[in-house]
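The values are calculated or read from the model by the stated rules, or taken from the named source; none is laboratory data. All values reported here derive from a predicted model rather than from experimental measurement. Positions of Cβ are backbone-derived with ideal geometry, glycine not excepted, and every protein chain shown enters the neighbour counts.
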Amino acid sequence: MGPLLSKIYFSSTLVSLIISFAAISISHGATLRWDANVEKDLAGYKVYYGVLSMDYMSFDVGRVTELDLGSLSLYESEVYWIAVTSYDTSGNESLPSSPVYFIADDGIDTANDNCADYYNPDQKDTYPPQGNGIGDACECYANFNYPNDLKVNASDLGVFKLEYGRIDCKTTPPLCKADGNNDGKVNAQDLGLFKNEYGRIDCPALP
């Protein structure tokens, strides 16, 4: 049997959503999609997701109406729920849609998976630029105090604060530890990486 298609209809004063999702087990190229809101004051959508035994995470996708699930940090073989809200230009946010439940499985044998614990169907390995044998899904870009620990926590935020505003990371020593996206600067984009990874305790030890 092919993947089941689950549709969720949701209405409120702010949004009417139809979410189409390939459930129960997702694999290569799984994408969450929903119908566009027709309200003139629509500002965007937020995706909420989490495992059943932990708190949820949120992901602001702006005004787009789909999300590649590969962009989220999903553990394999865990049961997740996911839901969508909309928000308007005044900051009002709708109630969430009814959740959909799914299991992430990238379909790649563990022995050949460069990031076996995470949903990682594309097997990207682009950091550092030449790659290091560890899939991007497993990299902690915000482990700014590496190799002191393998976590993303308040100590990494302290490193970011010390280096915030630097634009010479690739030309002037000392090198920037908080340049998470390797663009030569320490700015809001690196802070975004920190927010997305905050709380991780499984950052890989680089070779």
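Determine whether Thr110 is outside the structural domain of Val51 (by TED's automatic domain parsing), over 17 Å from the mean Cα position of the chain (by Cα) and either within 15 Å of Arg33 (Cα to Cα) or surrounded by fewer than 16 Cβ atoms within 10 Å (Cβ to Cβ) (or both).
Yes; evaluated as a whole, the condition is true for this residue.
Could you tell me which numbered condition Val51 fails, if it satisfies all but one of (1) closer than 30 Å to Asp117 by Cβ; (2) modelled with pLDDT under 80; (3) surrounded by fewer than 16 Cβ atoms within 10 Å (Cβ to Cβ)?
(2)
Out of Val159, Val186, report the one residue that is more than 19 Å from Tyr127 (Cα to Cα), of a type in the set (Val, Ile, Thr) and free of Cβ contacts under 8 Å to residues at least 40 places away in the same chain.
None of the others qualify; the one that does is Val159.
Condition test on Val152, is it outside the structural domain of Asn37 (by TED's automatic domain parsing), touching a residue at least 12 places away in the same chain (Cβ under 8 Å), under 16 Å from Ser73 (Cα atoms) and of a type in the set (Val, Ile, Thr)?
So Val152 passes the test.
Taking region 121-148 as the region of interest, how many residues are free of Cβ contacts under 8 Å to residues at least 24 places away in the same chain, in a loop (DSSP other than H, G, I, E, B) and not polar (S, T, N, Q)?
4
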